[in-house]
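Structure, as structure tokens:
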Amino acid sequence: MPDFKKPRHAIPCSADPGYDDHLFDEADFYCRRPRPKPKDHRPKKDVQFVCGTAVGLSLPIFDVAVASTSGGPSSSFGLVAGTVNLDTSGMAHPATKVDFSSIINFLINLNEYSGGLLLQIDFRLSKICDGHKVHLGTWTYKRSISIGGALSPGVQLQSVPGFSLQVDFREPFNFSFCECDPCPAGCCTYVVEIVNVNSFSIASASLTNVSISALAVDQ
């Protein structure tokens with residue numbers, strides 16, 4: 001039987017001693033090899049995430065604006081609840097987001113409860129860059145019950161031996177702020193302050209589980 005040689009189109013991509021050497025040299029021409037994936041030449045975005053410094057506060061219970069009193073770090077503008085430093089000097093067009101969260105706690109005495117109560121807390125976010133302070137926004141927490149109204153399901157009755165019955169109320173409060181700065185100022189400090197507290201029939205109030213963070217992404 002004559003010795004038939006396999007056609008070139010049947011030559012595999014791997015070496016086979018049954019094929020002639022001169023035909024095997026041309027095997028690469030007929031092999032389909034996987035093409036390399038194109039490289040992504042787009043520049044990677046610069047991203048920064050920073051956790052700030054936050055503290056719990058005992059809030060003064062007055063029907064006036066907060067002054068520089070004890071109960072936490074204070075400034076000439078109010079009680080400082082949290083700060084975070086963010087450096088965007090290496091970014092061309094940074095987009096910044098600041099997140100603030102907390103739990104507001106307050107007590108009322110049932111023997112002093114006249115069917116109405118009020119607690120209003122104003123939070124102000126500011127940005128300090130090169131010693132200049134700019135106010136960015138104000139967020140308000142407000143809880144009120146009119147005369148004759150029932151207590152909210154979120155309250156917890158707390159029995160204190162030797163004293164009257166108290167109601168312990170806890171509620172989360174948080175806000176977010178976003179800005180796109182076409183002219184980044186470098187390293188800035190974002191500050192959350194309590195600038196006003198109004199209350200009626202409130203025994204005590206405090207701020208706990210406070211957290212502040214900042215995220216910057218170069219557009």
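The values are calculated or read from the model by the stated rules, or taken from the named source; none is laboratory data. Quick caveat, the model's predicted, so the values are computed rather than measured. All Cβ positions, even for glycine, are placed from backbone atoms using ideal geometry, and neighbour counts span all protein chains on display.
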(message) Can you pull out every residue in the stretch 59-86 that is modelled with pLDDT of 85 or more, in a strand (DSSP E or B) and surrounded by 16 or more Cβ atoms within 10 Å (Cβ to Cβ)?
(response) L59, L79, V80, A81, G82, T83, V84, L86
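Of all residues being aliphatic (A, V, I, L, M) and more than 30 Å from T83 (Cα to Cα) in the stretch 156-188, which is modelled with the highest pLDDT? Just the residue, please.
The extreme case among them is V167.
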(request) Inspect all residues belonging to the stretch 198-205 and state whether any of them is out of contact with any Leu (no Cβ under 6 Å at 6 or more places or on another chain), surrounded by fewer than 20 Cβ atoms within 10 Å (Cβ to Cβ) and of a type outside the set (V, I, T). (result) yes
(request) Can you confirm whether the stretch 195-217 contains a residue that is under 24 Å from Q48 (Cβ atoms), modelled with pLDDT under 75 and in contact with a Pro (Cβ under 7 Å, 6 or more places away or on another chain)? (result) no
(message) Take the residues in the stretch 87-107 that are surrounded by fewer than 21 Cβ atoms within 10 Å (Cβ to Cβ) and touching a Leu at 6+ places or on another chain (Cβ under 7 Å); name whichever of them is nearest to V55 (Cα to Cα).
(response) I104
(message) Give me the residue from the stretch 81-99 that is touching a Gly at 6+ places or on another chain (Cβ under 9 Å) and among the hydroxyl-bearing types (S, T, Y) and, out of that set, farthest from T138 (Cα to Cα).
(response) S89
(message) Need pairs with beta-carbon distance below 6 Å; first residue touching a residue at least 60 places away in the same chain (Cβ under 8 Å) and within the stretch 173-195, second surrounded by 12 or more Cβ atoms within 10 Å (Cβ to Cβ) and part of a loop (DSSP other than H, G, I, E, B); sequence gap 6+ or separate chains.
(response) P184/T88; P184/M91; E193/F77; E193/G78; I194/V66; I194/G78; V195/G78
